[in-house]
Amino acid sequence: MRSKFLKTINKYGLLDKGDKVLVGVSGGPDSVCLLLQLAALRKGWNLSLHIAHMDHMLRSGSGKDAAFVKKLGEKLKIPVTIKPVDLKPLHIKGSLEELAREARQGFLIKLAGEIKADKIALGHNLDDQAETVLMRILRGTGLSGLAGISAKRNIRGTIFIRPLLETSRSGIESFLKRKKIKARIDPTNKEDIFTRNRIRHELLPLLSKKYNKNITEVLANLAESVSYDYEYLDQAARGSLKGSKLRLNIKNSLKLHPAILRLKIRQCIACLQGDTRRITFQHIREIDDLLASRPEGSVVDLPKGISVQKTRNFLRFYPR
């Protein structure tokens, strides 16, 4: 367990000696395992740790999760920040899961800035990676989606790391069992009302039993391979056109290979909204058509209040 944990850290350059790390801890097995592994590295790596826990208040037992995390922090002598947020009044439309994810990410980034943390560590594991890749295939995705979860990623100027990304869920559970630590279990993980849970409890077991017993590793390996390809193409796209990050020269854009052009379009969108979530294949095809065929003045509206307008010489990306 420790060997694999360190191997992932060294492979992706996740930690530097002397780092201050904000650890997202839900109280579940993955985040508890992550915290214990990082705590064991404190002395040798001269790490400073701080625990962050967000209570979404979406179920009755969430307060017990927060109490568990607080007690764990006291036992390990690690400071804990707990933030309760009632998301239900904020949930007007869209996915409650997405709202919770965005609220959690915002909380972590804000707290990391306040305590001057160098990194934010999260507990995603090998099985999460496989589930993510399969879920994106089913929904429809390109290279960016197939790349899965990144072991190290800069989000809004903050470095997020996932040292358990190459560790299996069963390995994590075995580790906690040996340590005689009983983590908190979210009961909604056992329900098949969410797409990810159905993939976890139904589809992956079926694929493992009927088609490939190593399907989890196969999907995780696919994500790793694609991530390298995507990173290379992404860098090529960034250097393909000079000028503003929020507009593309139409004449020069039409000379680009479609793979590079589409990445350039995604980069312009990400420059405005911070990522390309909710941008579908159809959105990109519409922008392709806008660029190549539609008349001057035409506009394509995208999610999250972003629009793309065709002027005489440029495609202009702007918040509407």
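For first residues located in segment 44-57 and among the acidic types (Asp, Glu), partners that are surrounded by 20 or more Cβ atoms within 10 Å (Cβ to Cβ) and lie 6+ apart or on another chain with Cβ distances below 9 Å form the pairs ASP55/ASP65; ASP55/ALA66. Just one of the numbered conditions (1) surrounded by fewer than 13 Cβ atoms within 10 Å (Cβ to Cβ); (2) assigned to a helix (DSSP H, G or I) is not true of GLY243: (2).
Residue pairs whose Cβ atoms lie under 6 Å apart, sitting 6 or more positions apart in sequence or on different chains, and linking a residue in segment 158-171 that is without any contact (Cβ under 8 Å) to a residue 24 or more places away in the chain to a partner that is open to solvent by less than 10 Å² (accessible area, probe 1.4 Å), do not occur here.
Please tell me if ILE260 is open to solvent by less than 50 Å² (accessible area, probe 1.4 Å), in a helix (DSSP H, G or I) and among the β-branched types (Val, Ile, Thr). Yes; evaluated as a whole, the condition is true for this residue.
Taking every residue in segment 206-228 that is among the β-branched types (Val, Ile, Thr) and pairing it with any residue that is surrounded by 15 or more Cβ atoms within 10 Å (Cβ to Cβ) and not in a helix (DSSP H, G or I), at least 6 positions away or on another chain, the pairs with Cβ-Cβ distances below 6 Å are VAL226/ALA147. Within segment 215-239, the set of residues being open to solvent by less than 40 Å² (accessible area, probe 1.4 Å) and over 18 Å from LEU134 (Cα atoms) comprises ASP234, ALA237. Find all pairs meeting these conditions: Cβ atoms under 7 angstrom apart; at least six residues apart or on different chains; first residue within segment 97-120 and on the phi > 0 side of the Ramachandran plot; second residue open to solvent by 30 Å² or more (accessible area, probe 1.4 Å) and small (Gly, Ala, Ser). From residues that are on the phi > 0 side of the Ramachandran plot, there are no pairs. Looking across segment 201-214, the residues that are surrounded by 13 or more Cβ atoms within 10 Å (Cβ to Cβ) and either outside any helix (DSSP H, G or I) or modelled with pLDDT of 95 or more (or both) come down to LEU203, LEU204, LEU207, SER208. If a residue must be at pLDDT 90 or above and of a type in the set (Lys, Arg), how many such residues does segment 92-122 contain? So the answer is 4. Only residues that are among the hydrophobic types (A, V, I, L, M, F, W, C) and open to solvent by 50 Å² or more (accessible area, probe 1.4 Å) were counted across segment 299-320, and they come to 2. Right, ILE82: under 25 Å from the mean Cα position of the chain (by Cα), open to solvent by 20 Å² or more (accessible area, probe 1.4 Å) and of a type outside the set (S, T, N, Q) or not? Criteria met by ILE82.
Number of residues in segment 1-60 that are in contact with a His (Cβ under 8 Å, 6 or more places away or on another chain), open to solvent by 10 Å² or more (accessible area, probe 1.4 Å) and farther than 18 Å from LEU176 by Cα equals 1.
Taking helices (runs of 4 or more DSSP H) as the structural unit, those lying wholly within segment 98-180 and holding at least 3 residues that are open to solvent by less than 30 Å² (accessible area, probe 1.4 Å) correspond to 126-139, 169-178.
Could you go through segment 298-312 and let me know if any residue there is within 26 Å of the chain's Cα centre (by Cα) and assigned to a helix (DSSP H, G or I). For segment 298-312, residues within 26 Å of the chain's Cα centre (by Cα) and assigned to a helix (DSSP H, G or I): absent.
The values are calculated or read from the model by the stated rules, or taken from the named source; none is laboratory data. Since we're looking at a predicted model, the values are computed, not measured. As a convention, Cβ positions derive from the backbone with ideal geometry for all residues, glycine included, and neighbour counts pool all protein chains shown. The area values use the complete protein model at the heavy-atom level, side chains included, leaving out ligands, DNA and RNA. Shrake-Rupley method; radii C 1.70, N 1.55, O 1.52, S 1.80 Å.
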